[in-house]
Structures are given as structure tokens and as C-alpha cells.
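K.L.:
Sharing a structure with you now.
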Amino acid sequence: MRRRRPVETVMSAVFLLCGLVAVAFVLLITVYLVLSGLPAIRQVGLREFLFGTTWASTHATQPQFGILPLILTSIYGTAGAIVLGVPVGFFTAVYLAKAAPAPVAAVVRPAVQLLAGIPSVVYGLVGMTVLVPWVQRTFRLSAGDSLFASIIVLAVMILPSVISVSENALRAVPKEFEEASLALGATRLETYLRVSAPAARSGIATAVVLGVGRAIGEAMAILMVAGNAANMPSLFESVRFLTTGIAIELNYAAVGSLQRMALYSIGLVLFLFILLLNALLGLVLREGVDR
Amino acid sequence: MAPIIRAERLELYYGTHPALRGITMDLPANQITALIGPSGCGKSTFLRTLDRMNDLVPTVSIRGRVLYRGEDIYAPGRDVTALRKQIGMVFQKANPFPMSIYDNVAYGPRTHGIRDRGRLDAIVEESLRGAAIWDEVRDRLKKSALGLSGGQQQRLCIARALAVEPDVLLMDEATSALDPISAARIEELILELKQRYTIIMVTHNLQQAARVSDRTAFFLLGEVIEYGPTGQLFSMPRDKRTEEYITGRFG
């Protein structure tokens, strides 16, 4: 083996260090969350914490720390955003990748990228000033802040990643597959839906998982449209997500109080959701490689 | 014999570049017609005009007519999907879909509305038998088609084309990417298929054209230089350029 030059040795150490920084932070956050999240769970009891249906952290005499409403809201909200956002995103991706005339694509694609770049607080602002009053009027509610409004905002927010990741996957489908389908007398639409989309399925699945990740982790935008009462979720009720649950109370929860510790515990639960999602993403990608 | 396909003064342009310069040609039914010529001579382009696959290229413009059973396939309002069901195509590179062997063959019939399981089973078996691959895959119909060898994949693609019961099979250098043994099997298969189908094949392999085809057309720079019975074209070509090409002096 050739002897390595000193510069290379130094540089490889630098690169290693950079890599370790990211790992170190993940470890640090994990350890911190576990350590600071467990005490409250131990005090409240795991069952009561995860499955308690009442979150009343500031009750003077009998505070309750059940986060089931928050968990379910996060799950329903994310699921709703996926149900609305993924079909729209997928069809946009098919259109952009396969059918759009160049001038149209030249307008739509940058618009989608711009959508990805809009800060979430702006989504929240528009949601609060436009969407929420609209929901209130349309459905004749006493207030428009609701799970429904949150779902719409989240659905729009996941669009860019769903569109761009599925579009790339669809573009990578070999032309030969599509030609073969067309030559058998399939229409272009049939070809895209029955050949191109299945061939791109691991990419599309990745897009969905990324969308779920974005939706479940979002706080700022939905903080402004959800109403934030910790009700058990219902479409037109004010609801509180795991993320917003932390954001709302953290600035007035006294240091060292059970309330503050319980917020860390919510963070831990959210973190576990994200871990689960990452594992799922890894699984999806691995399956893509096998095929 | 009446031609099943007739091209009349067919011209095709990629943008402003002429790829076909006025081709008039009768293609008889239940015969194998080989299209030969050097690369870029327009033979593949011509083949692809016959099932309108050139429609997919945005810059293409076409003049002249192609009559299939007496009707112009480029007439306005012509149903292209119905045409492509009648005129099947096998490509140079075997391109099975990334699905099971069964689903590959059933794709066409399903597209055309056949849902009945029993009927699909029958079509799949018959098509695979027709493409001489049934015995090799009967035990693994549910396995991915991508696990087959190159030659098997190409026969599967032929089976897939047969499954929609076409009239005409277009083959675009269907054996050029295969090893000699697989290629020979496909040649045998082509000879069998001739009983039931009209076959038009593009080939770079002159021996293959001589072995397999009934009629041969020699293309050069977008024109048909010579077209006639294969034996005659190879043994006593009328045109000097044909002679030079088949004796290997250019191309």
C-alpha cells in the first residue's frame, strides 16, 4: 500500500469530525429527551399519560396530563393532510413529469419550488386570515379554528415535497416501459397510472413518508389555525397537536414543575413518532433497492 | 395477394430534417418482410410510422398516407389505441414491465377490458405457448419478469404482444441485443408466427434477413432503393448500391 500523504490524513480526520458532529447532536438530543421526558411519565404513569383523555396541566388543584387528544390530533391531522395532499401532489407530479407542455411546466415547477420555500409562519398567517374565516362562514361554526383548517394548511405544506420527489421518481422510469405499454394499445393515462406509477412506487412511497414527516413535525403554521384547545379531535373542533402542545405552554410553564416536565415527555413521544417514520422510510428505500 | 399495409409517398421529418423521402411500398399479409440498410437510413423510423409510435416524438411531421387494410391510419380522428392493438411491436431492447410474468402478458388484455380470471389465464397460457416460452415459465408465472434471461425476456415481450391478438407484428431489431443461441430461437419463433401474423422486421443482420424473410427492402438515406423477394434481392440485386451494401462494401 502506498503511504498516505499528511494532508490526506489531516483532511480525512476533518471529514470524520464533521460527520461525528451530526451524530453527536442526534445522540445528545436523544439522551436529553429521554432523561428529561421520563420523570413526568413516571410520575403520571405511562398508561395515564399516553391514554388519558384530559390534558389540564394548569388546573389549580387537580392537574391532569393525558396526551391522548394530542396524539390522536397529530395522527388525524397528518392522515388528513396525506389523504388530501398526496393525490393532488401525485397527479401534479404525473402531469409535470409526463404530460405538461414545456411552457406550462416552466411556470408550475418554479411555483411548486416557491411553495416549499415559504416559511411556515406565513402559511399560518394566511391560514388564520383567509382560511379560518372561510371555514367559519362555510360551515356555520362559532369559530373556524379547527382540525379541518389545520388539515388544509398541512396538505398544502406537504405538496412541494410530494410533488418533487414523485416527479423525480416518475422521470426515472425507463421510456421503454412506457413505449411497450403504448404499443399494446394503452392510452397515455393508462400507461402512466398502470406502468409508470407502479415502476416508480418506491419513490412515490418515499414522497408520502416525507410528507408525513413534514406534517407531523409542523408546529408554527397549525398553531395559528388549530384553535389549540386540547379536545379529543373532531373535524370542526378546536384541537391541539403534539407539537403545538409543547409550543403553547413552554413559555409559561415554571421550570422544574410537573407541567414543564410533561412537555418534555410530549417531545419524547413526538421524537419516537419521527424515529418510527425514519425506520419506515429506510424500509421503503431498501425495498426499492431490492427490486 | 392484396397488401395488408400500403405506404404511399410517405415523408417524415424530424423538425426540418427529412428522415423518410417519399416511400411507397406494399407489405403483403402473412409474410415476413425484412427492412435492411445502414444505420440512420430510416428503416426503424419507417417501422415506427406503421403503428404511429412516432407520434410520441414532438417534432415529427408526416406527409403521405399509410393504409392499413385500405384505411389511412393518419386520417383525422383515427383511433390510435385501436390501431396499436391491431399492429403490435417488439422492441430492440427487451422491455418487460417490472411486474410478474403473468401480469406482463395480461397487461394488454386487461387494458382492453378483459377482467375475467379464467379468460385471462387462457390468454396468458396461449400467448406464452405462442412465443415458445410457456414450458420455461409455467411454474413461475407469479415471479418477476426481470428475473428472466435476456432471450426469455424478449420472448416474453413477444408473448405480451401476442396477447392482444394483433394482426401485424413489427419487430425492431428484436434479436440484436441477444446472444446467438437466443437469437436463433427467436428466429425459429418468427418463422412459426408467420402462419398467423404478418411480420415486418428491421434487422442489421443480413444473414438473418436472408434466412428468415420472404421479402426484403433495402433502405438508404430515407428512400427504398430496392424491394423484392428476398432470394432475388440477395442473389441478383438490381441496384448497384444494394449490391455494395449486401456484399459488405459499406454500411
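The values are calculated or read from the model by the stated rules, or taken from the named source; none is laboratory data. All values reported here derive from a predicted model rather than from experimental measurement. All Cβ positions, even for glycine, are placed from backbone atoms using ideal geometry, and neighbour counts span all protein chains on display. Note: accessible area is taken over every heavy atom of the protein model, side chains too, but ligands, DNA and RNA are not part of it. Shrake-Rupley method; radii C 1.70, N 1.55, O 1.52, S 1.80 Å.
K.L.:
So which residues in segment A:63-75 are open to solvent by less than 30 Å² (accessible area, probe 1.4 Å) and either within 13 Å of A:V212 (Cβ to Cβ) or not β-branched (V, I, T) (or both)? Reasoning before the result, please.
P.N.:
Going residue by residue through segment A:63-75, those that are open to solvent by less than 30 Å² (accessible area, probe 1.4 Å) are A:65-67, A:69-71, A:73-74.
If the condition is that a residue be open to solvent by less than 30 Å² (accessible area, probe 1.4 Å) and either within 13 Å of A:V212 (Cβ to Cβ) or not β-branched (V, I, T) (or both), then A:F65, A:G66, A:P69, A:L70, A:S74 are the ones that fit.
Residues checked against (1) modelled with pLDDT of 95 or more; (2) β-branched (V, I, T); (3) surrounded by 13 or more Cβ atoms within 10 Å (Cβ to Cβ); (4) part of a helix (DSSP H, G or I):
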site	(1), (2), (3), (4)
A:T9	no, yes, no, yes
A:L33	no, no, yes, yes
A:T61	no, yes, no, no
A:G77	yes, no, yes, yes
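K.L.:
So, in segment A:244-276, exactly how many residues are open to solvent by 30 Å² or more (accessible area, probe 1.4 Å) and in a helix (DSSP H, G or I)?
P.N.:
Of the residues in that region, 14 qualify.
K.L.:
Taking segment B:79-94 on its own, how many of its residues are more than 8 Å from chain A (Cβ to nearest Cβ), free of Cβ contacts under 8 Å to residues at least 12 places away in the same chain and of a type in the set (V, I, T)?
P.N.:
0
K.L.:
Kindly provide the set of residues from segment A:214-243 that are in a helix (DSSP H, G or I), under 16 Å from A:V121 (Cβ atoms) and of a type in the set (A, V, I, L, M), ordered by number.
P.N.:
A:M220, A:A221, A:I222, A:L223
K.L.:
For segment A:35-59, give me each residue that is outside any helix (DSSP H, G or I), open to solvent by less than 50 Å² (accessible area, probe 1.4 Å) and in contact with a Leu (Cβ under 7 Å, 6 or more places away or on another chain).
P.N.:
Result: A:G52, A:W55.
K.L.:
When you scan segment A:180-203, do you find a residue that is within 22 Å of the chain's Cα centre (by Cα) and of a type in the set (A, V, I, L, M, F, W, C), even just one?
P.N.:
The answer is yes; a qualifying residue exists.
K.L.:
List the helices (runs of 4 or more DSSP H) inside segment A:120-201, counting only whole elements, that have at least 1 residues being open to solvent by 30 Å² or more (accessible area, probe 1.4 Å) and within 14 Å of another protein chain (Cβ to nearest Cβ). If you could, list the steps in order and put the result at the bottom.
P.N.:
Numbers: elements: A:120-126, A:132-138, A:147-171, A:175-183, A:188-191.
Those helices (runs of 4 or more DSSP H) span A:175-183, A:188-191.
K.L.:
Go through (1) within 14 Å of another protein chain (Cβ to nearest Cβ); (2) free of Cβ contacts under 8 Å to residues at least 40 places away in the same chain and name the single condition B:T175 misses.
P.N.:
Failing condition for B:T175: (1).
K.L.:
To continue, here is another question. Name every residue in segment B:128-153 that is within 18 Å of the chain's Cα centre (by Cα) and within 12 Å of another protein chain (Cβ to nearest Cβ), in order of residue number.
P.N.:
B:Q153
K.L.:
So if I check each of A:A205, A:A230, which one is in contact with a Pro (Cβ under 8 Å, 6 or more places away or on another chain), away from chain B (no Cβ under 14 Å) and open to solvent by 20 Å² or more (accessible area, probe 1.4 Å)?
P.N.:
A:A230
K.L.:
Could you figure out which of (1) at pLDDT below 95; (2) loosely packed, with under 12 Cβ neighbours inside 10 Å; (3) in a helix (DSSP H, G or I) isn't true of A:V108?
P.N.:
Status for A:V108: all satisfied but (2).
K.L.:
Taking segment B:58-102 on its own, how many of its residues are under 30 Å from B:G147 (Cα atoms), open to solvent by 20 Å² or more (accessible area, probe 1.4 Å) and either of a type in the set (K, R) or in contact with a helix residue (DSSP H, G or I) (Cβ under 9 Å, 6 or more places away or on another chain) (or both)? Quick ask: steps written out before the conclusion?
P.N.:
In the first step, residues of segment B:58-102 are kept if they are under 30 Å from B:G147 (Cα atoms); the result is B:81, B:84-102.
Filter once more, keeping what is open to solvent by 20 Å² or more (accessible area, probe 1.4 Å): B:81, B:85-86, B:92-94, B:98-99.
Within this subset, residues satisfying the condition of being either of a type in the set (K, R) or in contact with a helix residue (DSSP H, G or I) (Cβ under 9 Å, 6 or more places away or on another chain) (or both) are B:81, B:85, B:92-94, B:98-99.
Count: 7.
K.L.:
Those residues that are open to solvent by less than 30 Å² (accessible area, probe 1.4 Å) and touching a residue at least 40 places away in the same chain (Cβ under 8 Å), I need them from segment A:83-105; list them, please.
P.N.:
A:G85, A:V86, A:G89, A:A93, A:V94, A:L96, A:A97
K.L.:
Checking A:F241 against (1) open to solvent by 30 Å² or more (accessible area, probe 1.4 Å); (2) touching a Gly at 6+ places or on another chain (Cβ under 8 Å); (3) within 17 Å of A:I82 (Cβ to Cβ), which test does it fail?
P.N.:
(1)
K.L.:
Of the conditions (1) more than 8 Å from chain A (Cβ to nearest Cβ); (2) open to solvent by 50 Å² or more (accessible area, probe 1.4 Å); (3) in a loop (DSSP other than H, G, I, E, B), B:A122 clears all except one; give me its number.
P.N.:
(3)
K.L.:
Kindly establish whether A:L115 is surrounded by 14 or more Cβ atoms within 10 Å (Cβ to Cβ), under 22 Å from A:L223 (Cα atoms) and modelled with pLDDT of 95 or more.
P.N.:
Judged against the criteria, A:L115 is not a match.
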